[in-house]
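Worksheet: the structure to be examined is printed underneath.
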């Protein structure tokens with residue numbers, strides 16, 4: 001005997017659709033948050049200085065054998081140095097900006113700028129070619145006219161940005177979850193079957209008939225036979 005395949009429960013289908021939609025939205029939100037976090041500048045690579053102050057950018061060369069070190073500003077070579085033959089090259093750009101590199105002491109290979117101006121702002125990089133491999137250190141130098149607090153203010157700014165991003169992601173997550181939950185509940189209510197009322201209706205109808213018959217009987221007038229006169 002052929003039996004028809006079981007029909008899937010509509011509620012389960014709706015629930016699966018809501019779950020898939022929910023997961024896809026969450027993946028999209030997660031990617032947006034990650035991209036926003038990656039694009040936002042890191043505190044250690046951004047340096048803000050006031051006009052006229054001194055700037056020192058330290059290039060870490062510990063535990064490596066440097067073959068050549070090159071400083072660049074906005075992809076333009078400023079200074080290049082080879083320790084093996086002590087060959088030092090200083091470009092015209094570095095000379096005009098009065099940028100030097102330290103070759104002694106604890107600030108070895110550090111880039112030193114005395115009295116920074118707005119023309120010094122930009123992206124700096126220290127490219128190291130060593131026996132152990134290639135290393136690149138990068139900074140973003142920002143020059144301001146007025147002093148804007150201390151280091152703690154920059155830290156508070158970074159914390160505030162991170163907290164804002166996290167709060168926005170949480171709010172979007174909660175809002176999306178609430179909407180999906182309400183949509184799922186509404187669909188479940190629409191697909192639910194009404195309770196059978198046939199038997200109850202029949203009982204009520206029979207009771208009404210019995211009540212009407214009783215009322216009809218009680219309302220009929222009584223017929224009295226005349227009594228015979230006794231002599």
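The values are calculated or read from the model by the stated rules, or taken from the named source; none is laboratory data. As the structure is a prediction and not an experimental result, all values here were calculated from the model. Cβ: placed from backbone, ideal geometry, glycine included. Neighbour counts: every protein chain shown.
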_Candidates 107, 138, 93, filtered to the one that is loosely packed, with under 15 Cβ neighbours inside 10 Å and in the same structural domain as residue 61 (by TED's automatic domain parsing)_ = 138
*Scan (1) touching a strand residue (DSSP E or B) at 6+ places or on another chain (Cβ under 9 Å); (2) at pLDDT below 95 for the single condition residue 10 breaks and write down its number.*
(1)
*Scanning for something within 19 Å of residue 144 (Cβ to Cβ) and without any contact (Cβ under 8 Å) to a residue 60 or more places away in the chain, does the stretch 101-119 turn up at least one residue?*
yes
